[in-house]
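Visitor: To start, I am sharing the structure in question, which I have written as structure tokens.
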Amino acid sequence: MAADRPESRAWWIWSVAVVAYLAAVFHRGSLGVAGTQALDRFDVGPAALSAFTVLQVGIYAGMQIPTGLLVDRFGARRVITTAVLLLGTGQALFALADTYAMGLAARGVLGLGDALMWVSILRLVAAHFSARRYALVATISSALGALGGVAATFPLAAALRTIGWTGTFLLVGALTMAYAAVTVSVVRDTTPKASAPKSGGAVLAQVRDAWSVPGTRLAFWTHFCTMFVSGALTLLWGFPYLVDGLGVAASTASVLLSLLIIGQVVGGPLVGALIGQRPECRMWLVMGYLSLNALSWCALLTWPQGRPPLAVIAVTFLIFAIGGPVSSVAFALVRDYNSLRQVGTATGVANAGGHSATALGVLTVGLVLDMFESMPGGSEYRVAMLALVALLIFGASRTWVWWRRARAEVFAAAQRGEQVPVLLHRHRWDLEIPRREAVAA
């Protein structure tokens, strides 16, 4: 049905929604350039300041499954509009906050609005675009959203210098709330909404149904291990690692961190076009990327004398950045293996993977740094980053397990004469398992 809808209308609805997502990414990263002012405004130290980031990421990860349920129940239009209002309200409260507790509460409201956005965008894309075009539009959406991260650096820093903390955050909060009038007027839902679950048990059953699909579990672990490295470095640990761990000048570190955004903006459409045209290559791309990610960490952490050349650091950070676009494979898997009535819930399940890994990575690196802070010459960062490597290896192993199980499901369905999401070629390492075993595993 999506392919029969007027395409110009679909693109118009999508463009309005993706601007809202760009705003969400902007608000998510707005504390990055305001960190120094926040230390003075709330009279706290770096550890307390990091709680803002952990709180936001934790809320984001925890809200992904509820967001999927909400989108399936009420539609993307209502949820996106609610998200925009929460984002604006949270930023306005942050502008007026003058205590640490008020600041945390404001960032919590902002994090809640941010958490509602991406799953809603993907539900909208699934409803308005064909399955063949879904991957490309989803990755373009992610790439455009990354521009919000750019706006949260130099332009926001300039505004903070010009009109100050309160004026800047009040202005962006008011503009965001005003945009809700646009989303409620333009965004439209076209797929039937799921009936409201009658009890908590029914809600759990709805989540369990989505989780029982091997393609959904494959999507969860794919998202888990592809995007968390760039997330952990962008949100908190990238700058300290470059400056204190690798001895890079602060100005150069800022440029290197920008590569994490540039890589997403450039890589998004390229990855989307590839996986849209060649869906059978999706998981090969994921496994190849994970191998390249691991090799990048080997280069950074084992380089003689501890400091790789700047060119090597730049290449590794670009590789980490590509994890964002590659993580969109997870949403293509969700779209292919779930019905439209369930795709919002399943998308929430998958999206929780990467952000849970990001929160876990940020927290684990901090704990390891506290344990080894007495090590000389930035060596504590070399040890701490091993936590991200361990998380990468764990996620990759689970992705491999569920890739094989999902492939076995496709082969079994094809043998029964059923329609399958993608045609696959059997390899010697493929499993032969019945559906009930795959679901119970």
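Visitor: For Thr82, all conditions in the list (1) surrounded by fewer than 21 Cβ atoms within 10 Å (Cβ to Cβ); (2) modelled with pLDDT under 95 hold save one; what is the number of the exception?
Guide: (2)
Visitor: Anything in the range 96-119 that is over 21 Å from the mean Cα position of the chain (by Cα) and crowded, with 20+ Cβ neighbours inside 10 Å? List them, or say none.
Guide: Across the range 96-119, the qualifying residues are Ala97, Gly103, Ala106.
Visitor: Between a residue in the range 34-53 that is exposed (fewer than 15 other Cβ atoms within 10 Å of the Cβ) and any residue that is in a helix (DSSP H, G or I) and at pLDDT below 75, which pairs come within a Cβ distance under 7 Å, given they are 6 or more apart or on different chains?
Guide: Leu39/Leu49
Visitor: Right, Leu86: in a helix (DSSP H, G or I) and either outside the structural domain of Leu170 (by TED's automatic domain parsing) or in contact with a Gly (Cβ under 8 Å, 6 or more places away or on another chain) (or both) or not?
Guide: So Leu86 passes the test.
Visitor: Could you check the range 283-400 for helices (runs of 4 or more DSSP H) lying wholly inside it with 1 or more residues that are free of Cβ contacts under 8 Å to residues at least 12 places away in the same chain and not acidic (Asp, Glu)?
Guide: Here the list reads 310-327, 343-371.
Visitor: For Leu55, are the conditions met, namely being more than 18 Å from the chain's Cα centre (by Cα) and not small (Gly, Ala, Ser)? Full working, then the answer.
Guide: Details: more than 18 Å from the chain's Cα centre (by Cα): no; not small (Gly, Ala, Ser): yes.
Taking the combined requirement at face value, the residue does not satisfy it.
Visitor: Please give the number of the condition Thr302 fails out of (1) of a type in the set (S, T, N, Q); (2) modelled with pLDDT of 85 or more; (3) surrounded by 16 or more Cβ atoms within 10 Å (Cβ to Cβ).
Guide: (3)
Visitor: Additional query: Would the range 7-25 turn up any residue that is of a type in the set (Ser, Thr, Tyr), under 17 Å from the mean Cα position of the chain (by Cα) and at pLDDT 85 or above?
Guide: Looking for residues that are of a type in the set (Ser, Thr, Tyr), under 17 Å from the mean Cα position of the chain (by Cα) and at pLDDT 85 or above, one finds at least one in the range 7-25, hence yes.
Visitor: Out of everything in the range 268-297 that is within 22 Å of Phe239 (Cβ to Cβ) and of a type outside the set (Ser, Thr, Tyr), what residue ends up being surrounded by the most Cβ atoms within 10 Å (Cβ to Cβ)?
Guide: Checking each candidate, the answer is Asn293.
For every residue, the table says whether it meets (1) modelled with pLDDT of 80 or more; (2) basic (Lys, Arg).
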| position | (1), (2) |
| --- | --- |
| Val326 | yes, no |
| Thr345 | yes, no |
| Ala350 | yes, no |
| Gly377 | no, no |
| Arg382 | yes, yes |
| Ala390 | yes, no |
| Gly395 | yes, no |
| Arg398 | yes, yes |
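The values are calculated or read from the model by the stated rules, or taken from the named source; none is laboratory data. Because the structure is predicted, anything quoted here is derived from the model rather than measured. Every residue, glycine as well, gets a Cβ built from its backbone with ideal geometry; the counts of neighbours run over all protein chains shown.
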